[in-house]
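Take a look at the structure set out below.
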Amino acid sequence: MDLLIHDLGLELRPTVVALVLIAMTIMVARLVRLSIDRAVARERQRGRLEPGLLTRMVATRRLVNAVLWIIGISAAMAQFPELRVLGTGLLASAGVTTLVLGFAARGTLGNMMAGLFISFAQPLRVGDEVEIKSQTGVVEDITLLHTFIRTYDAVMVVIPNEVVLSEVIRNRTLAASGELAIVDITVPPIHDAAAAHAALRAAGVAATDLLDPAADAPTVIVLAMRADGIVLRFRARAKNTAAALALGMRVREAAARAIFGEV
């Protein structure tokens, strides 16, 4: 009986260790994500979150997350004799694996490499106003595979990163001297969205002390129509980062007065 229990324990040990390794991988990945998200939130509150910094931090989080999962899965597989060679090979033969996968998924790997290049070389950044392949809008997100651009008519355009790097990028944000101010306002269904739209635009046009005189006039678009209301997006280029923050506060106050009355 003792021998049976001992043999059973030996059989279960690799499974238990593998589960512990996977659990530790999940915990560390969540810790990394939480730490980076808190750093982003802290910099945003201080008004020091530059588009380039945000893009690099998001790319770093995704890259670290991928590396952690590769290591965690490889270590878990190595606990089983039948999978030990495969798990070890996953780490030891990364170059050969990349070469083999390169022939099978050239497009995917090309997009991943392009995504890393975009994140750190930064020909465009999250929040930049760009034009790529006749698509003009604001960069919403840059993942390892795709770049997401929301156009001015509220359409989300998804472009593979390899295509982004192969095309001419017109980045109006990098060329401009000011700071882009973007404010999203949700107008509840029971309130007047047209009045909020007019108030946002009027507040923006009137803020001549904050606007970049060389930039286009402020714009307001309907970004989305949801169950909780209509989402309006205000966009304008301010003189600098401090002016952009002040402009955002000013148009939010104007929208609140239009929607809810005096605030």
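The values are calculated or read from the model by the stated rules, or taken from the named source; none is laboratory data. This one's a predicted model, so the numbers in the text were calculated from it and none came from an experiment. Don't worry about glycine lacking a Cβ; one is built from the backbone with ideal geometry, like all the others, and counts go over all protein chains shown.
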| Tally, over region 1-44, of residues that are more than 30 Å from T60 (Cβ to Cβ) and either surrounded by 13 or more Cβ atoms within 10 Å (Cβ to Cβ) or at pLDDT 80 or above (or both) | 1
| task | Would you be able to say whether some residue in region 128-145 is crowded, with 19+ Cβ neighbours inside 10 Å and more than 20 Å from P218 (Cβ to Cβ)? | result | yes
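Report yes if some residue within region 186-196 is touching a Gly at 6+ places or on another chain (Cβ under 7 Å) and more than 14 Å from A256 (Cβ to Cβ); otherwise report no. Even if it seems obvious, please write down each step before you answer.
Applying the first criterion (touching a Gly at 6+ places or on another chain (Cβ under 7 Å)) to region 186-196 yields 186-189.
Subset that is more than 14 Å from A256 (Cβ to Cβ): 189.
Checking region 186-196: at least one residue is touching a Gly at 6+ places or on another chain (Cβ under 7 Å) and more than 14 Å from A256 (Cβ to Cβ).
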| request: From (1) more than 24 Å from M249 (Cβ to Cβ); (2) surrounded by fewer than 19 Cβ atoms within 10 Å (Cβ to Cβ), pick out the condition that doesn't hold for V164. | output: (2)
| task | Would you mention how many residues in region 145-194 are of a type in the set (V, I, T) and farther than 20 Å from A215 by Cβ? | result | 12
| query | Only one residue in A193, A246, A181 is small (G, A, S) and surrounded by fewer than 20 Cβ atoms within 10 Å (Cβ to Cβ). Which one? | reply | A246
| task | Write out, first by first residue and then by second, each pair whose Cβ atoms fall under 9 Å of each other, whose residues are 6+ apart or on separate chains, and whose first residue, in region 231-250, is farther than 13 Å from V205 by Cα while the second is acidic (D, E) and surrounded by fewer than 19 Cβ atoms within 10 Å (Cβ to Cβ). | result | V231/D184; L232/D184; R233/D184; K239/D209; T241/E50; A243/D209; A246/D209
| query | Do any residues in region 201-225 that are in contact (Cβ under 8 Å) with a residue 60 or more places away in the chain have Cβ atoms under 6 Å from those of residues that are surrounded by 13 or more Cβ atoms within 10 Å (Cβ to Cβ), where the two are at least six apart or on different chains, and which pairs are they? | reply | T219/R235; I221/Y152; I221/R233; L223/A154; L223/V231; L223/R233; A224/V231
| message | Kindly evaluate A243 against the criterion of being in a helix (DSSP H, G or I) and in contact with a helix residue (DSSP H, G or I) (Cβ under 7 Å, 6 or more places away or on another chain). | response | no
| request: Identify all residues within region 155-192 that are without any contact (Cβ under 8 Å) to a residue 24 or more places away in the chain and assigned to a strand (DSSP E or B); write none if there are none. | output: M156, V157, V158
| query | Could you list, in sequence order, the residues of region 196-215 that are closer than 14 Å to A238 by Cα, modelled with pLDDT of 85 or more and surrounded by fewer than 19 Cβ atoms within 10 Å (Cβ to Cβ)? | reply | V205, A206, T208, D209
| remark: Given (1) surrounded by fewer than 19 Cβ atoms within 10 Å (Cβ to Cβ); (2) in contact with a Lys or Arg (Cβ under 9 Å, 6 or more places away or on another chain), D153 misses just (2)
